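One structure below.
Only the coordinates and a few stated rules stand behind these numbers; no lab work does. For clarity, every value in this text was computed on a predicted model and none was experimentally measured. When we count neighbours, we look across all protein chains shown, and the Cβ atoms used for this are built from the backbone with ideal geometry, even at glycine.
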Amino acid sequence: MKPLTCILTLVVLLGALLLVYLYRSEKPPALSPQQLTLEQILSIKELHLVRHTYTDVFYLHKQNKKEKAIRAIIQVPVEVTAYINLRDIQVVMRGDSIQKLVLPKAVLHKPFYDIDHMVVRETRSFQFHIGKDLYPAVSQYMQAAIAERLKTVTTSAMHRNITLQAETEAKEYIEMYLRSMGRSDIVVSFSEAHKDKEVTHYAMQQYAVLYGRQ
């Protein structure tokens with residue numbers, strides 16, 4: 001009986017090993033990061049964001065009339081952001097090979113005024129108040145004042161090249177990424193000669209500032 005038992009055990013063991021082998025041979029191997037295609041890698045990226053923060057100053061006049069005396073000075077943090085959605089990259093192919101990546105232009109968000117962290121300085125007692133515990137005149141005045149300032153703050157951010165900064169950094173990021181993959185042959189462009197020249201000029205200016213060669 002013992003030889004028969006040993007034979008049966010051996011048959012069962014060999015059958016189990018055979019099933020494991022067949023399962024592994026039919027199951028497709030998982031892709032490593034090095035095996036992912038360039039399109040798959042780029043699709044993971046979502047956006048490149050640039051944030052500028054300012055402090056806007058408002059003057060609250062008596063009875064909200066500019067000809068009257070100033071009752072308070074109000075400082076409000078303002079955040080302006082610009083971003084490039086890397087999911088919108090266009091891939092230009094030549095046969096089966098990627099020849100060029102066309103980047104989208106930067107998008108500017110509406111300025112965000114952080115009212116909860118504004119600082120109000122009363123001109124009479126020079127006392128500071130922070131947060132929502134403010135007299136009603138400030139809140140009423142700020143609603144109208146901020147609506148008037150939105151365009152000014154947006155223009156200021158544009159003059160400080162916030163969208164150009166986002167575009168330049170995004171282009172440099174993609175080019176660096178391609179070099180790390182051994183694909184420095186791929187052209188990265190905004191597909192507009194004027195925009196490409198503008199981005200290149202801005203990048204050279206930033207390098208000059210960074211290395212003290214103004």
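Details
- Nitroxide proxy distance, nm - points 7 Å out along Cα→Cβ at residue 96 and residue 200: 3.3
- Of 105/151; 65/105; 68/151, those spanning more than 31 Å from alpha-carbon to alpha-carbon: 65/105
- Sorted fewest first by neighbouring Cβ atoms within 10 angstrom, 187, 209 come out as 209, 187.
- Using a Förster distance of 30 Å, the FRET efficiency for residue 67-residue 209 (Cβ separation, nearest 0.05): 0.10
- Put in line by how crowded their Cβ is, counting other Cβ atoms within 10 Å and starting with the fewest, 103, 108, 178 read 108, 178, 103.
- Above-threshold pairs, the threshold being 28 Å between Cα atoms, out of 62/110; 110/171; 100/197: 62/110
- Full-stretch length increase - residue 119, residue 85 - with 0.36 nm per residue and alpha-carbon distance subtracted: 8.8 nm
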